[in-house]
1. Tell me the net charge near Asp55. Cut-off is 14 Å between Cβ atoms, Asp55 excluded, with +1 for each Lys or Arg and -1 for each Asp or Glu.
2. Compute the FRET efficiency between Asp55 and Tyr112 as 1/(1 + (r/R0)^6), taking r as their Cβ-Cβ distance and R0 = 30 Å, and round to the nearest 0.05.
3. When Lys and Arg each count +1 and Asp and Glu each count -1, what net charge do the other residues less than 13 Å away from Asn11, Cβ to Cβ, add up to?
4. Can you give me the distance in nm between label points at Glu7 and Glu24, each placed 7 Å from the Cα along the Cα-to-Cβ direction?
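Quick note: the coordinates plus some simple rules give every number you see, no bench work behind them. On a predicted model such as this, the values are computed, not experimentally measured, just so you know. Cβ atoms come from the backbone with ideal geometry, glycine included; neighbour counts cover every protein chain shown.
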Amino acid sequence: MITIIPEAPENVAAFNATGEVTKEDFENLVIPRVKQKVDQFNELNYLLYLDTDLDNFTMGAWLQDALLGLKNLTKWNRTAIVTNKEGVQNFTDIFSVLMPGEFKSFPKGNLYNALYWCKNGNEVEA
């Protein structure tokens, strides 16, 4: 299931993924929210907090996520993936070289830093 992270800055489409994530989650929540943010800000700042195993993403959900990325390719600005899964962190870092915009991974304990980075392009000073 995907839910909106309500405390996200206004210019960030932020989502929490828990349990099983389906294609319908993307169709009914993610895509409309992303479209709203792109229309409002003419760019996409996106955050996904992965609080589930990647095995819980159905194939349709991954396909939908990929199509979403292609559809708004030129609008990507900043994307944060928040997870403690090292494989996903490495993938995000590699993906950042291939896609327009900035992609960055953050450990789960740094959610608010990730939200701040998505909003402003820099991190909170420690």
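1. On the way: positive: Lys85; negative: Glu20, Asp51, Asp53.
The answer is -2.
2. Values: r = 27 Å, r/R0 = 0.91.
The formula returns an efficiency of 0.65 here.
3. Details: positive: Arg33, Lys37, Lys75, Arg78, Lys119; negative: Glu10, Asp39, Glu43.
Local net charge: +2.
4. Simple spin-label model gives 3.0 nm for this pair.
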